[in-house]
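Structure, as structure tokens:
Just so you know, all these numbers are worked out from the coordinates, no wet-lab data involved. For clarity, every value in this text was computed on a predicted model and none was experimentally measured. Virtual Cβ from ideal backbone geometry, glycine too; neighbours counted across all protein chains shown.
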Amino acid sequence: MGEASKKWVLTVTAQTPTNIAVIKYWGKRDENLILPINDSISVTLDPEHLCTTTSVAVSPSFDQDRMWLNGKEFSLAGGRYQRCLKEIRSRACDYVDEKKGVKITKKEWENLHVHIASYNNFPTAAGLASSAAGFACLVFALAKLMNVKDDLGTLSSIARQGSGSACRSLYGGFAKWIMGKNDNGSDSIAVQLADEKHWDDLVIVIAVVSSRQKETSSTTGMRDSVETSMLIQHRAKEVVPKRIVEMEEAIKNRDFPSFSRLACADSNQFHAVCLDTLPPIFYMNDTIISCVEKWNRSEESPQVAYTFDAGPNAVLIARNRKAAALLLQRLLFFFPPHSDADLSSYVIGDKSILQDAG
Ligand code: ADP
Ligand code: DP6
Ligand code: CO
């Protein structure tokens with residue numbers, strides 16, 4: 001290839017929101033393909049708030065694949081990144097840009113290298129599902145760049161092989177990851193249960209009490225749980241299947257008391273499994289749980305649901321705007337302004353809740 005033909009660069013930028021599970025995925029039956037031991041259900045956050053932005057570039061002048069995460073070079077050597085790149089490359093289609101005079105055939109994509117720059121606008125590896133937004137965004141951006149024509153379902157299955165929770169982030173609203181039965185993962189897919197308009201009274205408040213990177217990554221934590229916890233099998237086989245049915249029903253009927261009961265119970269059982277792991281894993285923050293539990297019990301019906309992923313930061317889902325404003329007042333009492341906590345509110349289509357809270 002001559003020097004002149006090495007000058008072009010093609011870039012694509014994509015943005016993908018994170019998702020928070022209300023019925024948790026915790027435990028794999030296949031580590032390589034990332035196949036879970038139970039179904040899970042999540043809510044995808046508004047992309048304006050917690051999201052990953054990823055730019056991918058391709059040029060004949062790049063001599064290797066490279067990635068930068070939040071401004072620092074990050075190794076792509078891990079099997080998960082390699083698998084996503086390989087899966088997307090194998091689906092690349094011919095690309096023509098007459099204006100730039102660029103033509104890339106399906107075969108040529110295999111030998112072209114990419115540069116990836118990704119940025120999370122929220123703490124990375126702190127229990128707010130950065131791996132979900134990160135891999136969903138990476139796969140989506142690479143697919144656009146390489147002119148991949150497969151549907152969202154296929155991209156979601158590829159994202160799953162980057163990080164399990166990522167398969168749910170390609171859908172807005174509520175999504176379910178069906179664990180599937182096949183050994184090759186062909187039926188382990190995410191589907192949308194309801195779109196983002198279905199239950200727009202809900203207000204999600206994220207309480208960032210620590211943006212420090214967690215000590216035990218989700219991958220390591222759930223591997224240890226599968227190997228050592230006795231509770232995890234009971235949870236996966238006896239508890240979660242029933243909760244999945246009930247949670248789908250609660251979402252369909254916008255039944256907040258059931259939604260809140262199930263989400264809180266499932267978060268607590270997931271953390272009980274963490275405690276039942278050897279060595280035990282401590283992720284969550286119990287001050288916030290006590291605060292919400294006390295308040296919910298003092299009202300006729302629950303006002304707020306809480307859920308914690310693998311980290312100390314709370315995701316609080318208020319039944320409506322009024323409850324969200326009251327919740328923030330309560331949280332500000334425990335985490336006053338100028339303390340380490342950053343109580344951001346992420347509201348679907350409305351950003352004034354923090355002001356309402358005074
Ligand atoms: P979290 O609770 O934030 O999902 P995990 O332990 O599951 O934490 O995953 C953190 C890992 O996810 C990071 O170490 C990194 O490998 C990957 N990751 C996070 N953000 C991105 C991103 N934007 N692009 C690619 N990979 C990412
Ligand atoms: C607690 O998807 O981060 O957030 O598949 O190993 O990358 P890997 O793990 P990850 O685990 C998420 C666990 C969770 C619950 C959930 O999102 O369902
Ligand atoms: Co994760």
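I'd like the orientation of helix 256-275 relative to the chain: the angle between its Cα long axis and the longest Cα principal axis, in ° from 0 to 90, rounded to 10.
70
Under 16 Å Cα-Cα from Lys322, which aspartates and glutamates qualify once same-chain neighbours fewer than 8 residues away are excluded?
Asp200, Asp201, Glu299, Glu300, Asp350, Asp356
Which far-off residues, 5 or more places away or on another chain, put their amide H under 5 Å from the one on Phe74, with H placed in the peptide plane?
Met67, Trp68, Leu69
Would you mind checking Lys214/Lys294; Lys86/Lys149; Lys197/Lys242; Lys24/Lys72; Lys106/Lys181 for any pair whose Cα atoms are more than 21 angstrom apart?
Working: Lys214/Lys294 28 Å; Lys86/Lys149 16 Å; Lys197/Lys242 26 Å; Lys24/Lys72 31 Å; Lys106/Lys181 33 Å.
Checking Cα-Cα distances, Lys214/Lys294; Lys197/Lys242; Lys24/Lys72; Lys106/Lys181 exceed 21 Å.
Using only DSSP helix segments of four residues or longer, with each worth -39500 (n - 2.57), what per-residue ellipticity at 222 nm results for the chain after dividing by its residue count and rounding to 500? Mind dumping the intermediate values first?
On the way: 11 runs with 121 residues, N = 358.
So the calculated ellipticity at 222 nm is -10000 deg cm²/dmol.
Could you give the dipole magnitude of segment 1-120 about its Cα centre, charging the beta-carbon of Lys and Arg +1 and that of Asp and Glu -1, in debye to the nearest 20?
Charge dipole of segment 1-120: 200 debye, to the nearest 20.
Relative to the compact globular guide of 2.2 N^0.38 Å, what is the alpha carbon radius of gyration of segment 9-116, as a ratio?
Normalised Cα radius of gyration, segment 9-116: 1.32.
Between Ser90 and Ser298, take the C-beta separation as r, use R0 = 51 Å, and let me know the FRET efficiency to the nearest 0.05.
Numbers: r = 57 Å, r/R0 = 1.11.
Efficiency, rounded to the nearest 0.05: 0.35.
Which Cα, out of Leu45, Gly162, Met179, lies furthest along the positive dipole direction of the chain (beta carbon charges, K/R +1, D/E -1)?
Checking the options against the dipole of the chain, the answer is Gly162.
Can you tell me what percent of all Cα-Cα pairs in segment 67-188 are more than 16 Å apart?
Numbers: 4770 of 7381 pairs.
Cα-Cα pairs in segment 67-188 separated by more than 16 Å: 65 percent.
Suppose the chain between Lys144 and Asp255 were pulled fully straight at 0.36 nm per residue; how much longer would it get relative to their current alpha carbon spacing? Present the calculation step by step, with values, prior to reporting the outcome.
Working: separation 111, 0.36 × 111 = 39.96 nm, distance 3.80 nm.
So the chain would gain 36.2 nm between Lys144 and Asp255.
Just the Cα atoms of segment 265-327, one point each, no solvent: what log10 I(q)/I(0) does Debye give at q = 0.12, 0.20, 0.27 Å⁻¹?
Those come out to -0.33, -0.78, -1.16, one per q.
Multiplying the sequence separation of Lys106 and Phe282 by 0.36 nm and subtracting their Cα-Cα distance, what value in nm do you get?
On the way: separation 176, 0.36 × 176 = 63.36 nm, distance 4.75 nm.
Here the answer is 58.6 nm.
Using only the alpha carbons of the chain, determine the length spanned along each of the three principal axes and report them from longest to shortest in whole angstroms.
Largest first, the chain extends 74, 46, 38 Å along its Cα principal axes.
If each residue's Cβ is checked for other Cβ atoms within 10 Å, how do Leu35, Leu112 rank with the fewest at the top? Kindly include the intermediate steps, with their values, before the conclusion.
Numbers: Leu35 21, Leu112 17.
Fewest-to-most Cβ neighbours within 10 Å comes out as Leu112, Leu35.
Tilt of helix 130-145 relative to the longest C-alpha principal axis of the chain, in degrees (0 to 90, nearest 10)?
Here the helix axis deviates by roughly 30 degrees.
If you put +1 on each Lys and Arg Cβ and -1 on each Asp and Glu Cβ, how big is the dipole of the chain around its Cα centre, in Debye rounded to 20?
Using Cβ point charges on Lys, Arg, Asp and Glu, the chain gives about 500 debye.
Along the Cα-to-Cβ line of Glu227, 7 Å from the Cα, sits a label point; which residues in segment 275-291 have backbone N less than 17 Å from it?
Once the point is set 7 Å along Cα→Cβ of Glu227, 275-282 turn out to lie under 17 Å by backbone N, inside segment 275-291.
Hey, could you pull the Cα Rg and Dmax for segment 41-95, both in Å?
So, for segment 41-95, Rg and Dmax equal 14.5, 43 Å respectively.
How big is Rg to Rh over segment 134-265, alpha-carbon atoms, Rh as the Kirkwood inverse-mean-distance radius? If you can, show how the numbers build up before the last one.
Values: Rg = 16.8 Å, Rh = 17.1 Å.
Taking Rh as the inverse mean 1/r over Cα pairs, Rg/Rh reads 0.98.
For segment 231-301, build the charge dipole from Cβ charges (+1 Lys, Arg; -1 Asp, Glu) around the Cα centre, then report which of Pro279, Ser290, Ala263 sits farthest towards its positive end.
Value computed over the given set: Pro279.
On C-alpha positions alone, give me the angle between the axis of helix 218-228 and the longest principal axis of the chain, in degrees, nearest 10.
In the chain, helix 218-228 runs at an angle near 60 degrees to the longest axis.
About the Cα centre of segment 173-220, how large is the charge dipole given +1 on each Lys and Arg Cβ and -1 on each Asp and Glu Cβ? Please answer in debye to the nearest 20. Mind showing how you got there, number by number?
On the way: 5 positive and 7 negative charges, 42 e Å.
For this selection, approximately 200 debye.
Please work out the FRET efficiency for the pair Asn182 and Gln64, using the Cβ-Cβ distance as r and a Förster radius of 35 Å; give the result to the nearest 0.05. If you can, show how the numbers build up before the last one.
Values: r = 35 Å, r/R0 = 0.99.
After rounding, the FRET efficiency stands at 0.50.
If each of Val245 and Asn121 carries a label point 7 Å out from its Cα toward its Cβ, how far apart are those two points in nm?
4.1
Could you please rank Glu227, Glu48, Glu300, placing first whichever residue has the fewest other Cβ atoms within 10 Å of its Cβ? Spell out each step's value before the answer.
Values: Glu227 11, Glu48 14, Glu300 6.
Ordered by Cβ neighbours within 10 Å, fewest first: Glu300, Glu227, Glu48.
Dipole of the chain (Lys/Arg Cβ +1, Asp/Glu Cβ -1, origin at the Cα centre): which of Asn70, Gly221, Val203 lies farthest to the positive side?
Asn70
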